[in-house]
Amino acid sequence: MYGGGNTFEPIKATGLEMEDPAKLAEFEARIERGEKIEPQDWMPNLYRKQLIRMIEQHAHSEIIGALPEGTWITRAPGFRRKLAQMAKVQDEVGHAQLLYSAAETLGKSREDMITDLINGKSKYSNIFNYPAFTWADSTVISWLVDAGAIVNQIANAKGSYGPYCRALDRICAEESFHLKYGHDAVVHLATGTPIQRKMLQEALNRWWTPLMHFFGPPDKMSVHTEILVKWKVKMATNDECRQQFLDMYVPKIWELGLSLPDPKLHKNAETGEWEYTEPDWEEFKRVINGDGPCNAERLAVRRTAEERGAWVRKALLSPKATYVTPLA
Ligand code: FAQ
């Protein structure tokens, strides 16, 4: 076991002792030199397993992440916001496509990944297990969840596995538009009527803990960070990403006259580090292990989509299928 499936369990055996030492040394030297590892290259089994785990979870997060915002497409205020919301949700699903393809290069089929998701075997981001009650919740996701995702992904796009890095480059470009869209929608509410401001403040209060959780457990509790940083899969630790997010976005939130539900939150002038109240890590564990407010609902939607799409996949794979182009 390499630690997958049971949160915060220490890695008991990595299997690295079974690898050819000369090949392992050359692999690590290539990573040290900043070379990209490609699918056909030799890699230790643990590197392959870790990448599948991480990219697969990332892909699942994108399609599940489309759900809370997806419910706001028809209810977004005004036609322009509806169009933009629809485009954003479509982008997120496209990101999942890119990421499933990247994970497939490592030998796990898309069908197996989807099966593991809908059976609750694979994880996906904690944050999408919370409900988007109001339009303000949706704007907070578009601005701050995308912001958090960009912090993580810009760093990891410079990592060691070629297909994942190339997917992340493309994803980050699109996420930057989402960030601007989300910021615009948040500013609109923040500078609107007292009711709009109140709605936004309440949404921010609801999302703060899940956002703090989003970057993963503190480094001292993280199971996978050490090996992933060594092999340049993770180019920043969980705490480093969290700090960078706080540094970039807390001042912007405060500038809008909004508050954050943590009286301890401040930047230590001497260390330059943000200090905060530790979010409830027991809640985090419950949510990522299937017991959050919306886990059952999210997986039920994906399961239904799988079932309803089965006939399409079957038809496409049928040897008798004929493809007629619209202009033929
Ligand atoms: N949620 O040892 P670590 C997005 C699990 S994309 C759920 O620290 P690691 C776009 C972890 O899997 C968002 N589970 O793990 C969008 C492990 O469990 P396991 C997703 C989490 O891998 C925006 C255990 O805890 N981004 O938002 C979380 O070194 C808006 C121990 O943790 C990515 O996936 C969590 N937050 O670091 C879409 C980026 N954190 O597998 C729609 C790629 C930890 O042993 C709308 N992934 N766990 O059973 C990563 O960078 C890393 O995997 C981390 C976790 C940083 C998420």
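Read-outs throughout are calculated quantities, based only on the coordinates presented, and are distinct from any laboratory measurement. Values in this document were obtained by computation on a predicted structure and should not be read as measured data. Cβ: placed from backbone, ideal geometry, glycine included. Neighbour counts: every protein chain shown.
Rounded to the nearest whole Hz, the Karplus-based 3J(HN,Hα) values (6.51 cos²θ - 1.76 cosθ + 1.60, θ = phi - 60°) of segment 159-172 follow the sequence x, 9, 9, x, x, 5, 5, 5, 5, 5, 4, 5, 4, 4, with x at glycine and proline. Averaging the sequence gap over all C-alpha pairs within less than 8 Å and six or more residues apart, then dividing by the number of residues, gives the chain a relative contact order of 19 percent.
Under a 5 Å amide H cut-off, with hydrogens placed 1.01 Å from N, Ile37 pairs with Tyr161, Gly162 among residues at least 5 apart or on other chains. Neighbours of Asn205, meaning other residues whose beta-carbon lies under 12 angstrom from its beta-carbon, give a summed charge of -1 when Lys and Arg score +1 and Asp and Glu score -1.
Give the relative contact order (percent, whole number) for segment 154-211; include only Cα pairs under 8 Å separated by 6+ residues. In percent, rounded to a whole number, it is 17. Distances between placed amide hydrogens fall under 5 Å for Trp274 paired with Asn268, all partners being 5 or more residues away or on another chain. Cross-link partners for Lys82 among the aspartates and glutamates, with Cα-Cα distance under 12 Å and sequence neighbours closer than 8 places in the same chain left out: Glu69. Partners of Lys285 within straight-line reach, counting aspartates and glutamates whose Cα lies under 14 Å from its Cα and excluding those fewer than 8 residues away in the same chain: Glu9. Taking the number of Cβ atoms within 10 Å of each Cβ as an exposure proxy, the fewest-first ranking of Ile55, Ile171 is Ile171, Ile55. Listed by chain and number, the lysines whose alpha-carbon sits under 20 Å from that of Lys230, ignoring those within fewer than 8 places in the same chain, are Lys12, Lys23, Lys36, Lys49, Lys158, Lys220.
If only the Cβ of Lys and Arg carry +1 and only the Cβ of Asp and Glu carry -1, the dipole of segment 16-317 around its Cα centre is close to 1000 debye. Take the alpha carbon atoms of segment 190-233, find their center, do the same for segment 39-111, and report the distance between the two centers in whole angstrom. Each part's Cα centre sits 19 Å from the other's. Couplings 3J(HN,Hα) for segment 82-93, derived from phi with the Karplus relation 6.51 cos²θ - 1.76 cosθ + 1.60 (θ = phi - 60°), are 4, 4, 5, 5, 5, 5, 5, 4, 4, 4, 4, 5 Hz, where x marks Gly and Pro.
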